[in-house]
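The values are calculated or read from the model by the stated rules, or taken from the named source; none is laboratory data. Keep in mind that this is a model prediction, so the values were computed, not measured. Counting neighbours? That spans all protein chains shown, and the Cβs are built from the backbone with ideal geometry, glycine included.
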Amino acid sequence: MTRRIRQIAGALGLTGTLLVLLAAPAAASGESIGGCAVEAAVHAEEEYGSLHAVEEDKKLFEELEKEMEGCLEAPSPIIPEVDEIIWGGAAFLVLFFFMVWKGMPAVQGAMKDRADKIASDLDAADTAKSDAAKIKADHEAALAGAKSEANQIIEDARAQADQLKAELTARANEEVAEMRTRAAADADAARSQALNDLRGDVSEIAIGAAERVIGSNLDRDAQSALVDAYIDEVARG
Amino acid sequence: MADDRIGGYADALLAVAAAEGASDVVEDELFRVAEAVRSNDNLLATLSDRNLPVERRQGVVEDLLGSSAHPTTTALVSMVVGTGRGADLPAIVDETVARSAAGRNATLARVRSAIDLTDDQKSRLAAAIKSKTGSDVEIRVVIDESVLGGVITEIGDDVIDGSVRSRMTQLRESFS
Amino acid sequence: MNLLALEFPPVNHLFDWPTLWFEDTPFALNKVGLTYLFAMVVTIAIFWFAGAKRNRMVPAGVQHVAESGVNFVEESVVMQTIGPDGKKFMPFLTTMFFFILFSNITEVIPFWQFPANSRMAMPLTLALLVWVLYNFQGVKHQGLFGYLKNSIFPPGVPIALYVIVAPIEFVSTFIVRPFSLAIRLWANMVAGHLLLVTFAILSATMWGSGGLGYGGALVLSFPMLILMTGFEILVSVLQAFIFTILTAVYIGGSMHPEH
């Protein structure tokens with residue numbers, strides 16, 4: 001809102017100013033013919049006492065008439081005035097030499113510097129961009145490397161675990177087999193022991209039984225025969 | 001010491017038996033008694049138990065031998081048991097028999113058998129042993145059921161074993 | 001001259017200024033001469049301060065004005081007409097552009113309100129200078145005979161027609177060209193000044209007559225005065241541009257007759 005108000009106030013102020021200023025050419029555009037004539041008349045009056053005196057003297061009147069005609073005359077609008085050419089030409093030459101000496105080199109130098117700076121800034125930006133891209137690529141490569149390394153480590157760990165598992169399994173199998181063979185051997189030993197024990201028991205039982213059978217079954221004749229046989233044996237030596 | 005005492009008792013027993021005039025019978029009966037005592041631990045313990053009164057020990061001897069044995073035999077055994085030497089009775093009797101045989105220039109051969117041997121068998125055995133060892137032997141048979149069959153002859157420290165029992169023992173050892 | 005109670009001065013007097021200093025010498029200085037000095041001083045000032053503030057990333061103020069002008073002359077004038085080898089004329093053409101521009105623009109500067117180029121002095125001087133310059137360039141680049149031949153007998157025209165074409169070309173290139181250049185600028189400025197003076201006097205008179213005159217001034221003449229002022233700013237720039245680019249065209253034509 002304040003901006004709008006300021007704009008309106010500015011426009012109004014500018015309009016007022018222009019109203020006054022643009023009216024100036026009316027006054028500035030040289031003398032009016034009437035003013036010139038009056039001025040000539042006043043001039044003549046001051047010089048010769050009174051206008052009547054001028055009117056009476058033919059020569060003076062002609063002079064006044066000529067002066068008043070001069071108010072109607074003006075320089076040709078199309079033929080250039082020498083003094084204006086001199087001042088304008090001098091101004092143009094001075095300006096031209098200044099521009100050659102200082103103005104153009106300075107401004108064009110500044111423009112060239114800026115263009116160069118922009119170009120170098122763009123180059124720097126390009127370099128920075130490519131550097132950033134390179135750094136990014138490096139990072140990605142490092143990341144990929146780390147990832148593959150991690151995979152390698154995991155792979156190694158898995159392989160080691162597999163190997164360890166295989167070794168443990170093999171050892172466990174060996175132990176189981178060993179225990180089985182040992183158990184089998186123990187069982188064999190126990191069985192043969194038991195067999196021996198059994199044989200011992202069986203033979204004991206059999207021999208015991210044989211002893212009792214022999215004891216009760218050997219009759220007197222048999223006993224006597226045994227004694228006789230013994231005697232013969234002793235006798236034979 | 002012990003041998004002196006055993007030898008003393010053996011000489012005493014020989015002397016008494018000779019004096020009574022029944023040496024053979026008495027000797028034979030003493031041998032049987034000694035074998036019976038040797039094979040019967042209860043009897044040996046009873047007879048050698050000094051805590052029992054002498055009359056009680058001698059009473060056992062009377063009960064065992066009184067009716068069947070020669071009076072001299074009974075008296076001799078009763079004497080040995082009465083003096084408290086019951087435990088040494090088998091050794092004393094062995095010594096007695098051995099000295100008696102030695103007196104007749106012979107060696108005692110203890111023959112263990114399940115049955116008693118006939119005289120013929122005894123004489124043939126004595127002859128066989130003599131041909132082998134070169135000395136006369138007096139056969140004294142010990143009836144031992146545990147021999148089962150056959151004969152075991154002990155001459156001093158030599159043993160000639162032809163018993164069924166030893167065969168059985170060999171058989172048992174071969175099995176185990 | 002009191003038509004409708006409107007006192008309008010003779011046209012000649014609108015362009016007649018009393019001498020201020022050095023009267024009755026060739027160095028008589030009037031408002032026209034002052035205007036040229038003003039254009040010179042302003043241009044020098046702009047380029048001086050613009051050059052003093054070098055290496056500003058974003059040009060502003062006088063630096064922006066100077067660089068815009070130089071860039072305009074280079075891109076829109078030299079490169080469009082002569083080409084890269086016309087850059088050696090950059091100082092001359094830039095000087096000419098700013099000099100004419102600032103001696104035109106005084107037309108709308110309050111209390112000054114006079115375009116120096118509505119006087120024939122500098123338009124004609126500069127036009128003759130241009131005439132000398134492009135003829136010199138033509139002789140320099142094509143030789144005297146080649147330059148005259150190419151100028152008077154333009155290639156690609158049937159030989160029979162040269163009877164007609166050659167006089168026309170000769171007159172237009174060597175005689176009419178500088179005057180048309182000078183008169184175009186001069187006449188535009190005269191017309192602009194008359195326009196502004198007319199509406200200014202009309203406004204002042206109507207306002208001064210009171211009554212209906214207030215309304216007439218406010219509704220008719222004064223808006224027209226403002227409108228014409230804006231229009232004359234445009235004309236000032238446009239004439240400076242036209243004078244400069246025609247100069248470049250003439251130089252380019254002399255350097256590269258094939259165009």
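Taking the conditions exactly as written (touching a helix residue (DSSP H, G or I) at 6+ places or on another chain (Cβ under 7 Å) and hydrophobic (A, V, I, L, M, F, W, C)), does A:ILE205 satisfy them or not? Judged against the criteria, A:ILE205 is not a match. Which residues, taken from region B:118-157, are polar (S, T, N, Q) and over 19 Å from B:PRO90 (Cβ atoms)? B:THR118, B:GLN121, B:SER123, B:SER131, B:THR133, B:SER135, listed by residue number. Checked against the criteria, C:ILE233 does not count as of a type outside the set (D, E, K, R), surrounded by fewer than 22 Cβ atoms within 10 Å (Cβ to Cβ), more than 14 Å from every other protein chain (Cβ to nearest Cβ) and in contact (Cβ under 8 Å) with a residue 12 or more places away in the chain. From the residues in region C:44-72 that are assigned to a helix (DSSP H, G or I), among the aliphatic types (A, V, I, L, M) and at pLDDT below 80, which one is surrounded by the most Cβ atoms within 10 Å (Cβ to Cβ)? Here the residue is C:VAL62. Somewhere in region C:208-226, is a residue modelled with pLDDT of 85 or more, over 25 Å from C:PHE89 (Cα atoms) and touching a Pro at 6+ places or on another chain (Cβ under 9 Å)? No, that holds for no residue.
Residue under question is B:ILE139, and the condition is that it be touching a Leu at 6+ places or on another chain (Cβ under 7 Å) and within 14 Å of another protein chain (Cβ to nearest Cβ); does it hold? Steps first, answer last, please.
Numbers: touching a Leu at 6+ places or on another chain (Cβ under 7 Å): yes; within 14 Å of another protein chain (Cβ to nearest Cβ): yes.
The answer is yes for B:ILE139.
For region C:172-179, check the following and say yes or no: at least one residue is in a helix (DSSP H, G or I) and in contact (Cβ under 8 Å) with a residue 60 or more places away in the chain. Looking through region C:172-179, at least one residue is in a helix (DSSP H, G or I) and in contact (Cβ under 8 Å) with a residue 60 or more places away in the chain. Against the numbered list (1) crowded, with 19+ Cβ neighbours inside 10 Å; (2) at the interface with chain A (Cβ under 9 Å from one of its Cβ atoms), B:VAL147 comes up short only at (2). Selection of region A:211-237 for residues being touching a strand residue (DSSP E or B) at 6+ places or on another chain (Cβ under 8 Å) and more than 7 Å from every other protein chain (Cβ to nearest Cβ) yields only A:ALA229.
Suppose we filter B:ILE152, B:ILE160, B:ILE115, B:ILE129 for residues that are of a type outside the set (Lys, Arg) and either more than 10 Å from chain A (Cβ to nearest Cβ) or touching a residue at least 40 places away in the same chain (Cβ under 8 Å) (or both); which single one remains?
On the way: B:ILE160 fails: either more than 10 Å from chain A (Cβ to nearest Cβ) or touching a residue at least 40 places away in the same chain (Cβ under 8 Å) (or both); B:ILE115 fails: either more than 10 Å from chain A (Cβ to nearest Cβ) or touching a residue at least 40 places away in the same chain (Cβ under 8 Å) (or both); B:ILE129 fails: either more than 10 Å from chain A (Cβ to nearest Cβ) or touching a residue at least 40 places away in the same chain (Cβ under 8 Å) (or both).
Residue meeting the stated conditions: B:ILE152.
Taken over region C:109-122, residues that are crowded, with 24+ Cβ neighbours inside 10 Å and more than 8 Å from chain A (Cβ to nearest Cβ) amount to 3.
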